[in-house]
Every structure is written in structure tokens, then in C-alpha cells.
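Q: Sharing a structure, written as C-alpha cells. Questions coming.
The values are calculated or read from the model by the stated rules, or taken from the named source; none is laboratory data. Since the structure is predicted, the reported quantities are computational estimates derived from the model, not experimental observations. When we count neighbours, we look across all protein chains shown, and the Cβ atoms used for this are built from the backbone with ideal geometry, even at glycine.
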């Protein structure tokens with residue numbers, strides 16, 4: 001009987017060890033599956049080397065390029081990395097915005113651009129800041145951050161800015177200082 005008991009013990013231990021190894025493998029793989037499932041819940045689409053064009057309100061044309069973009073259906077939000085936006089107005093005027101990252105509400109067309117933000121008009125005027133907001137309904141670009149503007153002849157610094165694209169009016173909100181560019 002001793003040999004039979006040892007064999008049964010050996011089989012039970014073998015089954016236990018195989019079950020334990022299978023459980024460990026399953027548990028190690030499960031978090032990856034859960035991570036992908038969570039990512040899939042948040043991101044409905046992800047693409048690299050993105051180029052997006054749309055004609056918006058009042059005949060304005062959007063051209064967005066980015067190193068990568070993600071779309072979240074919940075919230076209707078597009079997220080961009082290394083974004084470059086070219087706005088072409090109905091009258092042909094252009095404004096180009098670029099930055100490290102951006103977000104756009106795909107329903108309202110409102111946009112945020114952040115990190116090393118550069119805005120250049122069609123006539124070469126340049127504005128630099130760290131974050132700006134574009135409101136499609138009012139066609140205004142705004143920031144509450146420090147701003148540096150340069151038109152080739154003069155450099156103007158301030159904090160906070162509103163650029164009305166319809167009215168072609170730029171307003172610096174506070175701490176405005178100017179200096180000659182030396183040209």
C-alpha cells in the first residue's frame with residue numbers, strides 16, 4: 001500500500017504544480033488584457049503621421065498635421081502630438097499654429113495647443129506662448145500665459161492675449177512692454 005499512496009501523492013502534487021503554473025501564467029497575462037481593455041475604452045482610434053482637412057464655419061479651412069493622434073469617442077476629443085494647424089480664412093488669410101500637443105473637441109471645433117506654441121500669420125508676424133485656446137464659435141485665439149510677439153521691426157511682450165480672427169484685432173491683456181527689434 002505504501003507504493004500506491006506514494007503514487008497518488010505524486011499525481012496529486014503533479015496536478016497541483018501544473019495547476020499553480022497555469023494559474024501564474026494566466027494571472028501574468030490577464031493584466032495585459034485588462035490594460036488593453038482599459039485603453040480600448042478610452043481610445044477609439046490611434047494613428048501616426050496624421051493629416052486632417054475640414055472646411056469649418058464661415059468657409060474657414062482647417063489643415064491639421066501631427067506626429068500622432070488619438071480619438072476618444074466618449075467626449076468627442078481628438079488628442080494630437082507635435083501638432084501643426086493651418087487655418088485658411090474665407091478671404092484667403094492664413095494663420096499657422098504649432099505646439100508639442102493639442103486637443104480638439106470634434107463637435108465644437110474648439111482647440112487647445114500646448115508646449116512651445118508658435119503662431120505665425122500669413123504676413124510673417126509671429127507670436128510665441130506656452131498654451132493657447134481657439135474658440136471656433138467666436139473665431140478667437142486666446143491665452144492667459146506670457147506672450148512674445150515679433151513683426152520684424154518690434155518685439156512686444158505681455159501676459160494674456162485675445163486674437164479676434166473675424167475682426168482682425170489683437171489685444172494684449174496685461175504687463176505690455178515693447179522694444180525695437182533692431183532692424
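Q: Looking only at the stretch 168-183, which residues are at pLDDT below 85, in a strand (DSSP E or B) and farther than 27 Å from residue 90 by Cβ?
A: Selection gives 173, 176, 178, 179, 180.
Q: Of all residues in the stretch 46-75, count the ones that are part of a loop (DSSP other than H, G, I, E, B) and farther than 29 Å from residue 167 by Cα.
A: Here the count works out to 3.
Q: Do you know which residues across the stretch 148-167 are assigned to a loop (DSSP other than H, G, I, E, B) and either touching a residue at least 12 places away in the same chain (Cβ under 8 Å) or within 26 Å of the chain's Cα centre (by Cα) (or both)?
A: 151, 152, 153, 165, 166
Q: Then there's this: For the subset of the stretch 87-102 comprising residues that are surrounded by fewer than 17 Cβ atoms within 10 Å (Cβ to Cβ) and touching a strand residue (DSSP E or B) at 6+ places or on another chain (Cβ under 8 Å), which member is nearest to residue 145 (Cα to Cα)?
A: This residue is 100.
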